[in-house]
Amino acid sequence: MDYLKKYNIRQNLSYCIKATKKAYPKLLLFCLIIIPVNCLLPVISAYLPKVVIEEITENNDLSRLLIITAVFTVTLAVCSGLQKYVGQLIYWNKFKMNAFFLRMVVKKGLTTDYKNQENEHFRKLQNESFSSCNGNFSYYAQIYDAGVQFFSNLLGFLAFLGILVTLSPWIILFIIGTTLIGYFLNKKVNKWVSENTNEKSGYEQNLQYVISVSDDVRAAKDIRLYNMTIWFNHIYEKNLSGLLGWYRKYTAKLFGVSAADGMITLVREGITYLILLKMTLSGSISVAEFVLYFNVIAGFSTWLGSLMGQISVLERLNLSMNRFRSYLEFPEKYLREDGKKVNNHKEPKRIELKNVSFRYSEDGEDVLKNINLSIEPGEHIAVVGLNGAGKTTLIKLLCGLTEPTSGKVLYDGTDVLELNRDHYYKLFGAVFQDYSILPVSIEEIVSEETEGNIDTEKVTESLKQAGLYDRVMSFKNGLKTMYDRSFWDEGVNLSGGEVQKLLLARALYRKSPVVLLDEPTAALDPVSENKLYETYNEVMSGKTTVFISHRLASTRFCSRIILIEDGKIIEEGTHEDLLARKGSYYELFETQAKYYREGKKTGDGDNEDQEASSDEKEGGSI
Ligand code: ADP
């Protein structure tokens with residue numbers, strides 16, 4: 001089903017009303033108050049001159065005239081005060097409601113199954129939903145205005161229709177017909193805008209990109225060294241002139257339509273006023289009635305035009321609401337509270353992959369092909385292979401971030417799909433290549449706890465094990481040092497290698513029975529890397545570890561090495577077994593070792609450094 005047609009306007013408005021009733025019921029009350037007030041004001045204004053003229057011409061009673069005028073004007077003043085006051089209340093409350101919807105979007109993004117975050121359709125919906133309730137003029141803030149306007153216009157239209165019925169049905173038809181022509185002309189411009197929106201947002205996106213890059217410190221080095229300024233200027237100029245061209249076309253269309261609409265209004269009002277004058281002169285309506293109808297005719301066409309306009313606005317907002325609701329209702333497959341508990345979070349258990357195949361998209365190719373692997377409790381496994389072989393995907397399957405396309409992942413004999421996913425995640429301490437670190441204190445980053453709940457001894461121990469403790473203690477505020485400098489005046493920035501150590505410390509603090517490390521030493525200097533290897537078995541003792549590495553030298557301390565090629569396990573065994581087999585592992589190892597041997601022969605300084613860190617026969621990276 002087309003997700004943009006998931007719900008109709010009525011269903012979406014009722015969803016919105018229910019949500020408002022739950023979160024900020026007062027907002028609904030304010031909307032209900034302002035609708036009749038919006039309608040009442042023009043009705044009273046239209047009747048006031050008629051009544052006054054009638055009083056003067058027919059009754060000639062001054063005190064009665066004064067009382068009637070006073071009642072009318074006081075009612076007008078009260079209504080317009082109420083309109084302003086309640087309008088302000090709506091203004092503030094609709095932003096609260098906006099924040100309520102925004103919270104729903106954020107919550108969904110933070111808690112959704114990880115695999116959804118890798119789904120392109122989901123990500124698109126996520127972006128659209130975020131922008132539909134982000135900011136003061138978001139779509140969600142507009143829904144309240146559009147709803148109020150729609151019902152006010154409807155009520156006003158019906159009230160004025162009731163007044164005009166007493167005049168002539170032909171005049172009503174004439175006004176409706178001419179107003180609709182104006183409406184459809186305007187609709188043509190709106191259609192052009194929606195058909196050409198992509199062009200406009202393309203220019204805006206590119207301009208926004210250049211603006212954001214200009215103050216991005218990460219891009220600043222490359223921009224200067226590769227002289228990208230000229231290139232960026234060119235992009236900026238090109239897109240700015242594209243955007244201005246777009247607005248020129250839009251203004252020309254708008255001008256044409258406004259002129260035509262103006263002409264139609266002139267003709268409509270000219271003809272109807274002529275008819276009114278004729279009727280007054282012939283005596284079929286009084287002067288007082290002339291004044292009333294004169295006001296009502298202009299108002300009637302405004303009500304109708306706005307009513308049609310609000311229908312277009314609601315149709316547009318409806319698309320946005322459908323995106324939002326499709327996002328919130330995007331299916332979640334993993335079990336949470338209703339899943340089986342994982343009882344023991346201390347002891348590692350066997351993890352098995354049974355005939356596991358995996359592909360990222362339905363029409364894509366299998367990235368992992370029929371993998372069978374059993375990881376025993378406490379085993380230290382290294383996964384090696386060329387780029388794109390499927391190593392990271394394997395790790396994501398193991399820790400339950402995603403699930404096999406076919407086959408099963410079992411933890412302690414139970415299919416992971418049956419487990420409470422949040423419990424399952426707690427079993428893993430992981431370091432991924434694409435990480436996220438919040439701008440908080442070092443001890444908060446390591447412990448993932450807020451102040452007061454942090455076990456400082458454990459933080460110290462983890463930082464020591466990861467080889468970062470001395471560096472952290474060299475900062476003025478030690479464990480309480482804030483990360484990073486772009487956020488905090490006294491904050492610190494860390495190098496790539498230091499960040500890796502910090503991530504390792506975070507994984508170690510968790511004391512989880514399984515540790516997954518995806519290239520945790522890629523950014524470490526050789527001395528730090530060597531230290532980590534030396535302490536690896538001690539630090540990881542009693543835990544199951546899966547360690548992805550490009551550096552074959554690092555695999556020696558693992559009890560089993562798995563070589564993945566093109567999504568399949570092609571060799572498995574200890575370092576010595578695999579070398580003796582003289583297969584692909586042996587070839588990769590020799591390729592690396594050759595580089596080191598040559599490096600040693602030429603006496604290259606860098607390579608000497610490397611040699612300090614690893615066995616002279618062992619290699620760099622594949
Ligand atoms: P490795 O860790 O061995 O370098 P990966 O497991 O990261 O390999 O990737 C295996 C294959 O899956 C690669 O061809 C990669 O392009 C593809 N891939 C990885 N992540 C995604 C993703 N989120 N969407 C689509 N394809 C992906």
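The values are calculated or read from the model by the stated rules, or taken from the named source; none is laboratory data. Predicted, not measured: the structure shown is a model, and the values here were computed from it. Because the Cβ atoms are built from the backbone with ideal geometry, glycine has one as well, and the counts that use them run over all protein chains shown. All accessible areas refer to the heavy atoms of the entire protein, side chains included, with ligands and DNA or RNA removed. Shrake-Rupley method; radii C 1.70, N 1.55, O 1.52, S 1.80 Å.
The table below gives the values:
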| item | result |
| --- | --- |
| Top-ranked residue in the stretch 254-263 [being open to solvent by less than 60 Å² (accessible area, probe 1.4 Å) and touching a residue at least 12 places away in the same chain (Cβ under 8 Å); ranked as nearest to THR179 (Cα to Cα)] | ASP261 |
| Residue identified as touching a Phe, Trp or Tyr at 6+ places or on another chain (Cβ under 8 Å), of a type in the set (A, V, I, L, M, F, W, C) and farther than 28 Å from LEU494 by Cα among VAL416, VAL409, VAL440 | VAL416 |
| Which listed residue is within 19 Å of SER512 (Cβ to Cβ) and either assigned by TED's automatic domain parsing to the domain that holds ALA505 or in contact with a Ser or Thr (Cβ under 9 Å, 6 or more places away or on another chain) (or both), from SER447, SER357, SER441, SER406 | SER447 |
| Some residue of the stretch 94-102 being under 13 Å from the mean Cα position of the chain (by Cα) and open to solvent by less than 60 Å² (accessible area, probe 1.4 Å) | yes |
| ILE211 closer than 26 Å to GLU128 by Cα, assigned to a helix (DSSP H, G or I) and outside the structural domain of SER486 (by TED's automatic domain parsing) | yes |
| LYS396 vs. criteria out of contact with any Pro (no Cβ under 9 Å at 6 or more places or on another chain) and near the ligand (Cβ under 9 Å from one of its atoms) | yes |
| Boolean, VAL459 is in contact (Cβ under 8 Å) with a residue 40 or more places away in the chain and within 30 Å of LEU397 (Cβ to Cβ) | no |
| Considering residues of the stretch 337-394 that are in a helix (DSSP H, G or I) and hydroxyl-bearing (Ser, Thr, Tyr) only, the residue least open to solvent (accessible area, probe 1.4 Å) | THR393 |
| The stretch 227-270, residues that are touching a Phe, Trp or Tyr at 6+ places or on another chain (Cβ under 7 Å) and of a type in the set (Gly, Ala, Ser) | GLY242 |
| Test: residue in the stretch 53-65 that is open to solvent by less than 70 Å² (accessible area, probe 1.4 Å), part of a helix (DSSP H, G or I) and within 24 Å of ILE9 (Cβ to Cβ) | no |
| Residue ID - modelled with the highest pLDDT, chosen from residues in the stretch 395-426 that are surrounded by fewer than 18 Cβ atoms within 10 Å (Cβ to Cβ) and basic (Lys, Arg) | LYS408 |
| Filter result for the condition that a residue is open to solvent by 30 Å² or more (accessible area, probe 1.4 Å) and of a type in the set (A, V, I, L, M, F, W, C), over ALA141, ALA146, ALA70 | ALA70 |
| Unique match (being in contact (Cβ under 8 Å) with a residue 40 or more places away in the chain, β-branched (Val, Ile, Thr) and over 30 Å from ARG485 (Cα atoms)) among THR178, THR251, THR197 | THR178 |
| Test for SER436: is it free of Cβ contacts under 8 Å to residues at least 40 places away in the same chain, over 24 Å from GLU534 (Cβ atoms) and open to solvent by less than 50 Å² (accessible area, probe 1.4 Å) | no |
| Filter result for ASN127 (in a helix (DSSP H, G or I) and surrounded by fewer than 16 Cβ atoms within 10 Å (Cβ to Cβ)) | yes |
| Sole exception among (1) within 28 Å of LYS426 (Cβ to Cβ); (2) in contact with a Ser or Thr (Cβ under 8 Å, 6 or more places away or on another chain) for ARG510, by number | (2) |
| Long-range neighbours under 8 Å by Cβ, at least six apart or interchain, first residue free of Cβ contacts under 8 Å to residues at least 24 places away in the same chain within the stretch 16-31, second open to solvent by less than 20 Å² (accessible area, probe 1.4 Å) | LEU28/THR20 |
| Residue list for the stretch 542-592, filter: open to solvent by 30 Å² or more (accessible area, probe 1.4 Å), assigned to a helix (DSSP H, G or I) and within 16 Å of the ligand (Cβ to nearest atom) | SER584, LEU588 |
| Exclusive hit being at pLDDT 90 or above and closer than 30 Å to SER131 by Cβ, set SER326, SER357, SER361 | SER326 |
| Matching residues in the stretch 228-246 - criterion: being under 29 Å from the mean Cα position of the chain (by Cα) and open to solvent by less than 90 Å² (accessible area, probe 1.4 Å) | PHE232, ILE235, TYR236, ASN239, LEU240, GLY242, LEU243, TRP246 |
| Residue within the stretch 271-282 that is open to solvent by 40 Å² or more (accessible area, probe 1.4 Å), more than 30 Å from ASN127 (Cβ to Cβ) and in a loop (DSSP other than H, G, I, E, B) present | yes |
| Single residue of SER474, SER486 found to be of a type outside the set (Asp, Glu), open to solvent by 50 Å² or more (accessible area, probe 1.4 Å) and free of Cβ contacts under 8 Å to residues at least 40 places away in the same chain | SER474 |
| Test: residue in the stretch 281-290 that is of a type outside the set (A, V, I, L, M, F, W, C) and over 30 Å from THR57 (Cβ atoms) | no |
